[in-house]
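For reference, the structure is listed below as structure tokens.
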Amino acid sequence: MLVVALGITWRYLGSYMAGVFEGRVRYLAWAERPFYRVLGTSPEQEQTWKRYAGSLVIFSAVFLGFGYLLLRVQGSLPLNPQHMGQVTPALSLNTITSFVTNTNWQNYAGETTMSYFSQIGVLTVQQFVSAAVGIAVAIALVRGFSRRNSSTIGNFWVDTTRCLLYILLPISFIAGIILVGEGAVMTLAGPVTVHDALNGVTQTIPRGPAGFMGSIMQLGTNGGGFFNANLAHPLENPTAITNLLYIWLTLSIPFALTYTFGKMVGSIRHGAALLAAMAIIFGVWVGFTVYAEHTNNPAVAAAGVHSTVGNTEGKEVRFGDTSSALFNISMTHTSDGAVDSATDSYTPMGGFGPLSGMMLGEVTPGGVGSGLYTILVYAVIAVFIGGLMIGRTPEYLGKKIQAREVKLAGVAALVMPVTVVVLTAVAASLHAGRAGPLNSGPHGFTEILYALTSQGNNNGSAMAGLSGNTAFYNVVGAIAMLLGRFAIIIPALALAGTLAAKQTVPAGLGTFRTDNGMFVGLTIGVIIIVGGLTFFPALSLGPIVEQLSHGKFW
Amino acid sequence: MTATAAPAPAAPETPTPRGVAQSRSLFDREILAQSLRDSFFKLDPRVQIKNPVMFVVAVGTVVTFIEAVAKPTFFSWAITVWLFLTVIFANFAEAMAEGRGKAQADTLRRMRSETEARRLLPDGGEQRCPASELSKGDLVVCEAGDVIPSDGDIIEGIASVDESAITGESAPVIRESGGDRSAVTGGTRVLSDRLVVRITAERGQTFLDRMIGLVEGANRQKTPNELALTILLAVLTIVFIPVVVSLDPFGHFSAIVSGAKGTGTVDVVILVALLVCLIPTTIGALLSAIGIAGMDRLVQRNVLAMSGRAVEAAGDVQTLLLDKTGTITLGNRMASKFIPVGGHSEQELASAAQLASLADETPEGRSIVVLAKERFAIRERQLEGSHEFVAFTAQTRMSGLDLDGRRIRKGAAEAVKRWVAEQGGTPPDELDGVVETVSKAGSTPLVVADGRTVLGVIELKDVVKQGIREKFDQMRQMGIRTVMITGDNPLTAAAIAQEAGVDDYLAEATPEAKMALIKAEQEGGKLVAMTGDGTNDAPALAQADVGVAMNTGTTAAKEAGNMVDLDSNPTKLIDVVEIGKQLLITRGALTTFSIANDVAKYFAIIPALFAATYPQLNTLNVMKLHSPTSAVLSAVIFNALVIIALVPLALRGVRFRAAGASAILRRNVWIYGIGGLIVPFIFIKLIDLVLVALHAY
Amino acid sequence: MVTHIRRSIISILIITAVFGFIYMLAGTGISQLAFRHQANGSITPNGSTLIGQDWSATKCPGHPQGSCVFHGRPDATGPYAAVVCSSNARNCTPSSGGDNPLVANNVSGSSGATNLGPRSQTLLNNTRQLVSYWRSLGVEHPTPDLVTTSGSGLDPDITPQDAIVQIPMVAAATGVAPSELQTLIREQTHSAQFGFLGSPDINVLQLNEALARLK
């Protein structure tokens, strides 16, 4: 059912998004126009890649500063029924960076740290904005391919606004209503205290506007939930249906953007090729992880409890192993990072699935926008190597891939692995970093590696045993997130600029086909090889050795 | 320097004439020796830094050397030596590629330096000076036996010239003032007569100078594609440095969390070994050799590319403009059929046609005689009685024979018709139809008349070269559009185009039309290649992305193009495209191979790296290598040896088969991608077995 | 640059208003109108059906504490608290509030899992202790769900099998015949949504309410 739903979304949402960004869908123009007028811009005022990137960076920076301030003074702001205090500087820095970069790494427990004002006015807003920014970048890069001899790649303000208005707002609003209908909590009334006469238990249950936050957090592949337990929390993810809806929301835009890409460059086949590369890796990883989670948890098995239903530690009964594993892979292969089960307690190979998924650069299908622009970076590299092998200066969609393109794609592909590996090494060397993991043995290393991989990839998924709310991890994480976001966006936009300025070479029989199985295979190869070769040593010290340690416990 | 009119001295000793193309074995002993020496000279850090991948290996070697001196073990010394060899092997590959060019350049250089010129002074006197002192505009005299001192145009005289020094072709060619055959090249030798040549090349800019520079690769610059690949390789190198360096803190930390004995320190030597194994050394070592060898392969086929860029562009060409004559057709039209009109018999026509052609020594004329003999056994007759041959002129456009009052003519349809009419005859009505049919078929009609009577038409067929159709089919598979350029009328052109299997044609081509066609193709984003020889081809040659000038062509043409074909064979354009493709394919294939190799190396080294902390990682030792150190050493040895093993491939180039892009890609992915995954597993295991057998372990 | 900053500030204000407050207020409004029960946390007289509770402290006269009701998944408080806190004190208080989402029985905590790794010695010890705990209550073969904690620590559900293994314990303490308990469990089992989403499960609160009615 998920596949069918995604298939429909791919076709129609993809086409709709192309219409939105090409300015053909205009039913909300009445809302757009006054906004542009206030900003002093218009859809006709196109920007060069440098201005586009400049707008984006400053917009994000101003938002970062503004959000930081709000978090720091949250105690003095309204909508705070639980009287939450100020958020500490390091945590504020980490949190706002996390939300601006679409990471949604959470070093805090939502229900005990954030006021409603912060959840709504800072975090939810960023879940909209960071998603729109990511999609805008992807669209700008697509324009790089679809245009010829053009010096501009679109208007950042217009792209972002259209994305917010036409795509994110309507879908998340409707999905929010469905979520609440299924049982997600949606109130501003504060916690409620209940008493059960049957067992004498008194509970104070935290509440908040979780349902509508949940819809945008998933649609925008943000993943930062209202509660600490994220989407394992029954009040945010109450049923198997909502679980599935969350998965669909997360995967819909990233997959559909490949259609948008195909449509905008005038070849749906090209979009389908990228979709195939994404879907194949995604499918293999889902299968692998589901299989791994259907095996016994080694510790539980060693205690004499043998399971026929797989590893239940850290999983909710209403989802079960298969759904949980599917959910987890969906969230780590996008930049979402939400969890409906505790990744930390997955079997070694079950944890390998999400971790390695992020290490592949989150392109299968990746975050909203970021998945597309990152896979295009990999595709450029694949095209370069593949094109050489047929004896042509490689070209992708008629754009010659030359030194400058390879340089930009190389930088964009290089940033993430280097950031993750270097920062993990720093964390593993310093006392402050070594103090983080909850578990010992290779799993302790995995926790650190997972945290920095997640933040370096703007994912936000965590092996939550790591005590991340320390000055060290807050700051290191913020660095990882900023690099993982902007150090890829800027080369991607530069790539858009240089491609847009190029002449388009018509395709012929001698052209390296970039819309067939071979290309899909090659792209998958590049993704797996780049990710695999860089992270194999680190993985071998984490989940791999843990898997191989039969009968050993730490 | 005194002006003398002294007789020419004995011709200077010139080296044995031999073209640059004189082929040498790939592994000529002399070149091998020289390359080995050069491998060590190239250790200069200033040379090494140009190749980021090999520079990292060199730095790594220094690190392991220091480590080996500090803590000498068999292992650390063995690794140091093999890393050093890796660098040497890379240098050797480059030196080998350069070797052949260097040897050829030496020969050419000797030729240049020993030439003496006889410069004409304004007062008519003559002055002797070394060829190197000539400057543009000087006039020189060359007589039989002289070596032409520099490039120039003949302004006076006609002579046969031996160009074998440049082209390797021993048959002399005729050079004369005016027209398209007036260019002479420095270093060639006048065999007969006397020439006055105006020097057209600046000092040090002669064709010979450029040729020396080219074959030697002296000012070789990285081509755009090579540059792009170098960047990609640099990226792949940079990414592995933190990956490897971080393993030390990872190792420490793992030792702490796992509670294993020891500190988890990773041996620096192993780290360097791992780094060298992971970075793309194979392609890094062979990259420049591949580029040089590509140029060299062109030289072997007697084509001089003025830049590596042009060679790469050749691989990208999507449109080939080919001159019909000489490239697509044999160049000579042959009589293929006699078509009688007006009730005359075919034999009658044949007989008259044969008579009219007896004195016609052109290939067309000979072919008529031959056809008449074949069809009706009409032998060449000894003409008796009074006869007079009428030669072809541009005005009459006819030729023929007056014999015993008979006046037989053959020629262009219009001309013959007018001639018949002048004598009061009336060409039969059907003639026009026949003429048109023949034209439509791509052949040339010659009308034959005997006095007032038109006998019929000879069909002169343009003979398409054998095998050319298949060649064009291959081109089409490779995605290259072929366009035939011809001066023929559209009808004829269409028919020949059809027969030869070209994709398109440009009929009644003028230089302007040719230029317009190139521009139109380029507007559409296509790369265009063409050949040309005449001065009026020069603009088009310059405009085309790949312009191959014929060596027989004018100086202007040669300067406009970015390649010169010494054999002046227009078909060579197809070879040039293939060489360009082969160059790129070789790079791509070895890059893929290099990266694919990493997988096996990981499986060899990772278990070894953390053996102390996590013995259970030995499960990854799928090759069952003898010990951690033997595993690392085997991987490093494999890494070094594979460079040497691939030198011949790099120099010869990956075998190229004309096929569609998809087929080529599939084949190369299988061989170099999948092969690159599997091969190292086998060889690392073998090397490990050998090490154990040698009791190194 | 100045333009960028000006535009950024203006858009931040507008976007925060529209996509933060208006979106959320409208959402809350509609939810409260259309799905008041769900939007307020599915609260019933005995607590939220979506939040698991600690059944281990239920007083069962004449029988061991907690043996007269069906239990949900364990968590970090109640009888299970000692288990988690015993080996890792640092992680005991703040995370895994378990059945007590925010403040329960005067212990502050937030939702979350134990986050113990698959080769954690602590997890091994905890599980062993939980197995002994169940055996002490008369459950000989506790199912995996009953000895492992959930992702939120608030899991309100168990599987039918989880309930069935508790029958001997509940039957002994309540005197209700095992076959009646079987029937009860069958009645309380929610089949998979739409027949294929998730797997059949039982809401522990509703099961115990039904059990109480039966008694």
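The values are calculated or read from the model by the stated rules, or taken from the named source; none is laboratory data. Quantities reported herein were computed from a predicted structural model and do not represent experimental measurements. Note that we place each Cβ from the backbone using ideal geometry, even for glycine, and neighbour counts take in every protein chain shown.
Inside the stretch B:540-559, residues that are surrounded by fewer than 23 Cβ atoms within 10 Å (Cβ to Cβ), modelled with pLDDT of 85 or more and not aliphatic (A, V, I, L, M) make up a count of 2. For the stretch A:76-93, a tally of residues being part of a helix (DSSP H, G or I) and either in contact (Cβ under 8 Å) with a residue 40 or more places away in the chain or under 26 Å from the mean Cα position of the chain (by Cα) (or both) returns 5. Answer with yes or no whether A:Ala451 is part of a helix (DSSP H, G or I), surrounded by fewer than 24 Cβ atoms within 10 Å (Cβ to Cβ) and of a type in the set (Gly, Ala, Ser). No; evaluated as a whole, the condition is false for this residue.
When A:Ser440 is tested against (1) of a type outside the set (A, V, I, L, M); (2) touching a residue at least 60 places away in the same chain (Cβ under 8 Å); (3) crowded, with 24+ Cβ neighbours inside 10 Å, only condition (3) is not met. Taken together, B:Ala310, B:Ala352, B:Ala335 contain a single residue that is in a helix (DSSP H, G or I), crowded, with 18+ Cβ neighbours inside 10 Å and either away from every other protein chain (no Cβ under 14 Å) or of a type in the set (Lys, Arg) (or both), which is B:Ala352.
For every residue, the table says whether it meets (1) without any contact (Cβ under 8 Å) to a residue 12 or more places away in the chain; (2) more than 12 Å from chain C (Cβ to nearest Cβ).
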{"residue": "A:Met1", "(1), (2)": "no, no"}
{"residue": "A:Gly7", "(1), (2)": "yes, yes"}
{"residue": "A:Met17", "(1), (2)": "no, yes"}
{"residue": "A:Gly54", "(1), (2)": "yes, no"}
{"residue": "A:Ala61", "(1), (2)": "yes, no"}
{"residue": "A:Thr97", "(1), (2)": "no, yes"}
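Candidates A:Gly310, A:Gly351, A:Gly361, A:Gly371: the one that is of a type outside the set (D, E, K, R), touching an Asp or Glu at 6+ places or on another chain (Cβ under 7 Å) and closer than 22 Å to A:Ile544 by Cα is A:Gly310. Is there a residue being within 22 Å of A:Ala464 (Cβ to Cβ) and without any contact (Cβ under 8 Å) to a residue 40 or more places away in the chain anywhere in the stretch A:280-289? No: zero hits. Against the numbered list (1) of a type outside the set (A, V, I, L, M); (2) touching a residue at least 40 places away in the same chain (Cβ under 8 Å); (3) buried (at least 24 other Cβ atoms within 10 Å of the Cβ), B:Glu578 comes up short only at (3). Just give me the residues in the stretch B:593-632 being among the hydroxyl-bearing types (Ser, Thr, Tyr) and more than 12 Å from chain A (Cβ to nearest Cβ), in sequence order. Selection gives B:Ser627, B:Thr629, B:Ser630. The residue list B:Phe472, B:Phe392 contains one member that is closer than 23 Å to B:Thr492 by Cα and in a loop (DSSP other than H, G, I, E, B), which is B:Phe392.
Among the conditions (1) more than 7 Å from chain B (Cβ to nearest Cβ); (2) touching a Leu at 6+ places or on another chain (Cβ under 7 Å); (3) surrounded by fewer than 24 Cβ atoms within 10 Å (Cβ to Cβ), the only one that A:Ala403 does not satisfy is (1).
Residues checked against (1) in a helix (DSSP H, G or I); (2) at pLDDT 90 or above; (3) among the acidic types (Asp, Glu):
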residue	(1), (2), (3)
B:Leu573	yes, no, no
B:Val577	yes, no, no
B:Lys581	yes, no, no
B:Thr586	yes, yes, no
B:Thr591	yes, yes, no
B:Ala596	yes, yes, no
B:Val599	yes, no, no
B:Tyr602	yes, no, no
B:Ala612	no, no, no
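Of everything in the stretch B:44-72 that is under 19 Å from B:Val239 (Cα atoms) and under 33 Å from the mean Cα position of the chain (by Cα), the residue that is surrounded by the most Cβ atoms within 10 Å (Cβ to Cβ) is B:Met54. With respect to the conditions (1) within 10 Å of chain C (Cβ to nearest Cβ); (2) assigned to a helix (DSSP H, G or I), A:Thr260 falls short on a single one, namely (1).
When each of B:Thr223, B:Thr200, B:Thr206, B:Thr185 is tested for being of a type in the set (Ser, Thr, Tyr) and within 14 Å of chain A (Cβ to nearest Cβ), the lone residue that passes is B:Thr223.
If you go through the stretch B:650-661 and keep only what is surrounded by fewer than 18 Cβ atoms within 10 Å (Cβ to Cβ) and assigned to a helix (DSSP H, G or I), you end up with just B:Arg652. Among the residues here, B:Arg189 qualifies as out of contact with any His (no Cβ under 8 Å at 6 or more places or on another chain), among the basic types (Lys, Arg) and either under 25 Å from B:Met306 (Cβ atoms) or buried (at least 17 other Cβ atoms within 10 Å of the Cβ) (or both).
When the residues of the stretch C:49-59 are filtered to those that are within 29 Å of A:Phe212 (Cα to Cα) and either touching a Pro at 6+ places or on another chain (Cβ under 7 Å) or modelled with pLDDT of 90 or more (or both), the one that is nearest to the other protein chains (Cβ to nearest Cβ) is C:Leu50. I need the full set of residues from the stretch B:440-485 which are surrounded by fewer than 23 Cβ atoms within 10 Å (Cβ to Cβ) and β-branched (Val, Ile, Thr), in order please. Listed by number, the residues that qualify are B:Thr444, B:Thr453, B:Val463, B:Val464, B:Ile468, B:Val483. Out of all the residues in the stretch C:23-34, is one or more modelled with pLDDT of 95 or more, surrounded by 15 or more Cβ atoms within 10 Å (Cβ to Cβ) and aromatic (Phe, Trp, Tyr)? The answer is yes, given that some residue of the stretch C:23-34 is modelled with pLDDT of 95 or more, surrounded by 15 or more Cβ atoms within 10 Å (Cβ to Cβ) and aromatic (Phe, Trp, Tyr).
Residue-wise test of (1) closer than 17 Å to A:Val3 by Cα; (2) aromatic (Phe, Trp, Tyr); (3) within 20 Å of the chain's Cα centre (by Cα); (4) surrounded by 24 or more Cβ atoms within 10 Å (Cβ to Cβ).
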| position | (1), (2), (3), (4) |
| --- | --- |
| A:Ile253 | yes, no, yes, yes |
| A:Thr260 | no, no, yes, yes |
| A:Leu274 | yes, no, yes, yes |
| A:Ile281 | yes, no, yes, no |
| A:Gly287 | yes, no, no, no |
| A:Ala292 | no, no, no, no |
| A:Val309 | no, no, no, no |
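Scanning the stretch C:154-177 for residues that are in contact with a His (Cβ under 8 Å, 6 or more places away or on another chain) and either in a loop (DSSP other than H, G, I, E, B) or free of Cβ contacts under 8 Å to residues at least 60 places away in the same chain (or both) yields C:Leu154, C:Val165, C:Gln166. If the condition is being polar (S, T, N, Q), in a strand (DSSP E or B) and within 7 Å of chain C (Cβ to nearest Cβ), then the stretch A:188-232 contributes A:Thr202, A:Gln203, A:Thr204.
Report whether or not A:Leu235 is closer than 30 Å to C:Ser31 by Cα, outside any helix (DSSP H, G or I) and not hydroxyl-bearing (Ser, Thr, Tyr). Against the criterion (closer than 30 Å to C:Ser31 by Cα, outside any helix (DSSP H, G or I) and not hydroxyl-bearing (Ser, Thr, Tyr)), A:Leu235 qualifies.
Scanning the stretch A:413-445 for residues that are within 14 Å of chain C (Cβ to nearest Cβ) and either part of a helix (DSSP H, G or I) or of a type in the set (Phe, Trp, Tyr) (or both) yields A:Pro442, A:His443, A:Gly444, A:Phe445.
Taken over the stretch A:27-50, the criterion of being assigned to a loop (DSSP other than H, G, I, E, B) and surrounded by 14 or more Cβ atoms within 10 Å (Cβ to Cβ) is satisfied by A:Leu28, A:Thr41, A:Ser42, A:Pro43, A:Glu46, A:Gln47, A:Thr48.
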